[in-house]
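The structure appears right after this line, and notes come after that.
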Amino acid sequence: MAEYSNSQLSTYEQCALQYKFNYVDGIKRYEEGIEAYLGQRFHDAMEWLYGEKAFRTPSLEEVLDYYDKDWTNRWHLEIKINKAGRTADEYRLMGRRFIEDYYRRHHPFDEGRVLGLERYIRFPLDDAGRYRCKGIIDRLMLAPDGVFEVHDYKTGSKLPDQRELDRDRQLALYQIGVESLWPEAREKGVRLVWHEVAFDVEMRSVRSQEALGRLKADVGALIDRIEAERMWVPHESALCDWCPYWDLCPVKKHLVKIEALPGDKWKDEPGVVIVDAYAERWKRKKELEGQLEAVKGEMEGLRDAAIAFADKEGVQVIAGTESRLRVTGKERVVSPNKGTAEREALERELRARGIWDEVAELDASALDKAIAAGKWSGEILEALKGYVRIEKRWTVSLREED
């Protein structure tokens, strides 16, 4: 039976193709963003700190020394820094600041009893065991008031608001797991605690059983979607910058190929040649379309001038040096548009006059012809004038001389 972590679920929501590469095809990559590396080193330092606390309280200098050594020992060449101009040491110093702020806020670390550090849990979402989840709790605590607390360290640069945390899926799933593995937790209660260490802020949330029930249903439906997936469509977003599968992704792999070419070769690559040629034609097309719109505007102005000239001179054909313009005008009755109050009033008037059946459902063409032909009495026509108007439509056509 497949088990799903919150990171798996989030990966699928962000990009189905990345999910396939990682969790279906099992293609493992060791590329790691510097932000994730910093976050893991902070987690390691906290695990060491609270592990030591079972025997003694380490000093801040000891925790920082552990962090620095861990940073150096685990460093590898696949770590990627996406922010231009930033260095690895700047991120290392940032992590030190996070530890200093956290240490000073929580010292002497006696806010409850530690029940687990980096605790791996596996649990069902439903009684039948159809949907199963897994995860790692950064720190599981028993608070002095007897409530179980799920603690999570966040090193991101964006501070969430309370509404975001109240909708957060990860820790709510952990609450389901804690209540499943330790039934006492459901009786005593569970608090979800986020340590937003970049801001030295601690935030909390409590979930009702009703909210957890909705979450179980939502996650079950998401798992059904994943297991029924066959298309695995890639989805471009800002998160692509942290994806390690560019060389396999149809959206990105040509970019990888081009970047690997020498500077004097990439312009001759077939794909580059096609795109450059297409781009040049596209720009030319946009220029021609702009010119076409300008010509259309000029022609519209000349059309108006031709109509005014023909109407003033009483002519239907205007001669040019090599062409002729035929300009004809025809009056027609224009009735109100469907759905308007004026239209409804006109329909009531027609029914009241007993002539509705002659223009059933108010066929605009039938009404126009009836009025233009003077089919009804003068009294009726006079009554309908308040609802319709006479409009002259002009037709302008060009004929070139042979």
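Observations
- Test: THR11 is part of a loop (DSSP other than H, G, I, E, B) and hydroxyl-bearing (Ser, Thr, Tyr): no
- When the range 251-274 is filtered for residues that are within 19 Å of GLY33 (Cβ to Cβ) and assigned to a helix (DSSP H, G or I), the ones remaining, listed by number, are LEU255, VAL256, GLU259.
- Residue match in the range 276-297 (condition: of a type in the set (D, E, K, R), over 42 Å from the mean Cα position of the chain (by Cα) and at pLDDT 85 or above): no
- Count of the range 53-63 residues, restricted to those that are surrounded by 17 or more Cβ atoms within 10 Å (Cβ to Cβ) and in a helix (DSSP H, G or I), is 1.
- Within the range 210-235, considering residues that are more than 21 Å from the chain's Cα centre (by Cα) and either without any contact (Cβ under 8 Å) to a residue 12 or more places away in the chain or part of a strand (DSSP E or B) (or both), the one farthest from GLY129 (Cα to Cα): ARG230
- Residue-level check: of (1) open to solvent by less than 60 Å² (accessible area, probe 1.4 Å); (2) at pLDDT 95 or above, ASN82 misses just (2).
- Within the option set LEU171, LEU159, LEU181, being within 19 Å of LEU9 (Cβ to Cβ) and either touching a Phe, Trp or Tyr at 6+ places or on another chain (Cβ under 8 Å) or aromatic (Phe, Trp, Tyr) (or both) holds for one residue only, LEU171.
- In the range 322-338, the residues that are modelled with pLDDT under 90 and open to solvent by 70 Å² or more (accessible area, probe 1.4 Å): GLU322, LYS330, GLU331, ARG332, ASN337, LYS338
- Residue tally, condition in contact (Cβ under 8 Å) with a residue 60 or more places away in the chain and under 15 Å from VAL396 (Cβ atoms), over the range 311-325: 3
- LEU248, sole failed condition from (1) more than 30 Å from ASP168 (Cα to Cα); (2) out of contact with any helix residue (DSSP H, G or I) (no Cβ under 9 Å at 6 or more places or on another chain); (3) assigned to a loop (DSSP other than H, G, I, E, B); (4) not β-branched (Val, Ile, Thr): (2)
- PHE109 fulfils the conditions (1) in a strand (DSSP E or B); (2) open to solvent by less than 60 Å² (accessible area, probe 1.4 Å); (3) among the hydrophobic types (A, V, I, L, M, F, W, C) except for a single criterion, (1).
- Which listed residue is open to solvent by 70 Å² or more (accessible area, probe 1.4 Å), out of contact with any helix residue (DSSP H, G or I) (no Cβ under 9 Å at 6 or more places or on another chain) and under 23 Å from TYR4 (Cβ atoms), from ASP218, ASP268, ASP264: ASP218
- Considering GLU47, GLU35, the condition of being assigned to a helix (DSSP H, G or I), under 29 Å from LEU173 (Cβ atoms), touching a Leu at 6+ places or on another chain (Cβ under 8 Å) and open to solvent by 30 Å² or more (accessible area, probe 1.4 Å) is satisfied by GLU47 alone.
- Candidates ALA373, ALA341, ALA352, filtered to the one that is loosely packed, with under 13 Cβ neighbours inside 10 Å, at pLDDT 70 or above, more than 54 Å from the chain's Cα centre (by Cα) and not charged (D, E, K, R): ALA352
- Answer from GLU78, GLU61 - the residue that is over 30 Å from LEU222 (Cα atoms), without any contact (Cβ under 8 Å) to a residue 60 or more places away in the chain and touching a strand residue (DSSP E or B) at 6+ places or on another chain (Cβ under 7 Å): GLU78
- Selection status of ALA308, at pLDDT 90 or above, out of contact with any Leu (no Cβ under 9 Å at 6 or more places or on another chain), under 30 Å from SER397 (Cα atoms) and surrounded by fewer than 14 Cβ atoms within 10 Å (Cβ to Cβ): yes
- Across the range 148-194, the number of residues qualifying as under 23 Å from PHE42 (Cα atoms), open to solvent by less than 20 Å² (accessible area, probe 1.4 Å) and among the β-branched types (Val, Ile, Thr) comes to 2.
The values are calculated or read from the model by the stated rules, or taken from the named source; none is laboratory data. All values derive from a computational prediction rather than experimental measurement. Because the Cβ atoms are built from the backbone with ideal geometry, glycine has one as well, and the counts that use them run over all protein chains shown. The protein model used for the area step is the full one, side chains on, heavy atoms only, and it has no ligands, DNA or RNA in it. Shrake-Rupley method; radii C 1.70, N 1.55, O 1.52, S 1.80 Å.
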